[in-house]
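See below for the structure under consideration.
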Amino acid sequence: MNVARLADRSALITGASRGLGLATAVAFAREGANLWLVSRERAALAEAAARVAAERSSPTQTISQQAVDVTDSGAMDAVVHDWLAARASVHVLVNNAAVQGPIGEVGATDWHAWRAALEIDLIAPIRLCHLVAPHMRAAGGGKIINVSGGGATAARPRFSAYATAKCGLVRFSETLAAELAGTGVDVNTVAPGAMNTRMLDSVLAAGEAAGAEHASALLQQQTGGVAPGRGAELIVFLASAESDGITGRLLSAVWDPWSDLPSRREDLNRSDVYTLRRVVPKDRGMTWGDT
């Protein structure tokens, strides 16, 4: 009999009504977690919660839901308050809710839409970390998992709002991980791969405004993209005791050997592998500036 890896753990997942959020919620339910699911789409969230409840590994698991906009700080304060009141503990936070934001060259995009994307993709998850981290520290441990997505590690023309927010979220996660070092709280970011979700639909709808990415989006649509379950597997790993001590990293669900990291924990923690860093000439075999 397989032991549920998240048994008795309480997890809050944002953007839980579809795509990666729903896949993660289903995977968490199968692994024994008690769940608090958040989405601003009330009907879709209700359907998702019912599906997740059907996947529970134990009838005693609780699956709660709350329809709320993650950018409403007062409402999210209430969500965390209710979560703590109901569960008395907070073990795992998964910041998954995000939008693509306006697509096109910076000067041609709507400023209000650009700023709104940062509110959802960057400010909202930081606010939840701000609310939850002190409780995890006081409890002696916890897991914070932020979803980074495309654009965090390289320039992404015509997707400046999304890329800026996700890069900022990775650096914030590294910083928070450093602040929480030694407390038992691990903070990581996940790149789940190119999935066929509504974000892909928005790229297809943007047409020429998406530039070169429109052609790659068409190909992705035809080939199926990365299954959301793949990212969910990595998130389960990071939420479980298997990943204890692995923190401050940006991990790709598709390209990185993340399941092997526990055996490489010491080497990992002595290096800057899977982090964002500035490239200097000597990193590329150049001698610029040498004296």
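The values are calculated or read from the model by the stated rules, or taken from the named source; none is laboratory data. The model shown is predicted, which means the values in this text are computed figures rather than measured ones. Backbone-built Cβ (ideal geometry, glycine too); neighbour counts: all protein chains shown. Side chains are part of the model used for accessible areas, which takes the heavy atoms of the whole protein and leaves out ligands, DNA and RNA. Shrake-Rupley method; radii C 1.70, N 1.55, O 1.52, S 1.80 Å.
State yes or no: is Asp260 of a type in the set (Asp, Glu), modelled with pLDDT under 95 and over 30 Å from Asp110 (Cα atoms)? Break it down into steps so the answer makes sense when it comes.
Working: of a type in the set (Asp, Glu): yes; modelled with pLDDT under 95: no; over 30 Å from Asp110 (Cα atoms): yes.
So Asp260 does not fit the description; no.
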query = Mind checking which residues of segment 87-123 are hydrophobic (A, V, I, L, M, F, W, C), out of contact with any His (no Cβ under 8 Å at 6 or more places or on another chain) and closer than 24 Å to Val187 by Cβ?
reply = Ala88, Val92, Leu93, Val94, Ala97, Ala98, Val99, Ala117, Leu118, Ile120, Leu122, Ile123
query = Is there a residue in segment 147-166 that is under 18 Å from Ile13 (Cα atoms), modelled with pLDDT of 95 or more, among the aliphatic types (A, V, I, L, M) and in contact with a helix residue (DSSP H, G or I) (Cβ under 6 Å, 6 or more places away or on another chain)?
reply = no
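Can you go through Leu22, Leu35 and tell me which one is buried (at least 19 other Cβ atoms within 10 Å of the Cβ), hydrophobic (A, V, I, L, M, F, W, C) and assigned to a helix (DSSP H, G or I)?
Working: Leu35 fails: assigned to a helix (DSSP H, G or I).
Result of the check over Leu22, Leu35: Leu22.
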key: Evaluation of Gly182 against (1) at pLDDT below 95; (2) on the phi > 0 side of the Ramachandran plot; (3) of a type in the set (Gly, Ala, Ser) (one fails), failing number   = (1)
message = Suppose we keep only residues that are open to solvent by 50 Å² or more (accessible area, probe 1.4 Å) and in contact (Cβ under 8 Å) with a residue 40 or more places away in the chain within segment 66-75. Which one would you say is nearest to Ala27 (Cα to Cα)?
response = Thr71
request  = Filter segment 100-128 for residues that are in contact with a Phe, Trp or Tyr (Cβ under 9 Å, 6 or more places away or on another chain) and closer than 26 Å to Phe237 by Cβ and give the result.
outcome  = Asp121, Leu122, Pro125, Ile126
ask   = What tally of residues in segment 9-39 results from selecting those that are under 16 Å from Pro228 (Cβ atoms) and without any contact (Cβ under 8 Å) to a residue 60 or more places away in the chain?
value = 6
Conditions (1) more than 27 Å from Ala7 (Cα to Cα); (2) in contact with a Leu (Cβ under 7 Å, 6 or more places away or on another chain); number of the one not met by Ala116 = (2)
task = Pull up segment 76-126, narrow it to residues that are part of a loop (DSSP other than H, G, I, E, B) and closer than 20 Å to Trp36 by Cα, then point me to the one that is most open to solvent (accessible area, probe 1.4 Å).
result = Ala88
query = Is there any pair linking a residue in segment 40-55 that is closer than 12 Å to Ala27 by Cα to one that is at pLDDT 95 or above and open to solvent by 80 Å² or more (accessible area, probe 1.4 Å), with Cβ under 7 Å and at least six apart or on different chains, and which?
reply = Glu55/Arg30
ask   = Within segment 141-173, how many residues are farther than 22 Å from Val185 by Cβ and not in a helix (DSSP H, G or I)?
value = 10
inquiry  = Any residue at all in segment 161-183 that's among the acidic types (Asp, Glu) and open to solvent by 40 Å² or more (accessible area, probe 1.4 Å)?
reply    = yes
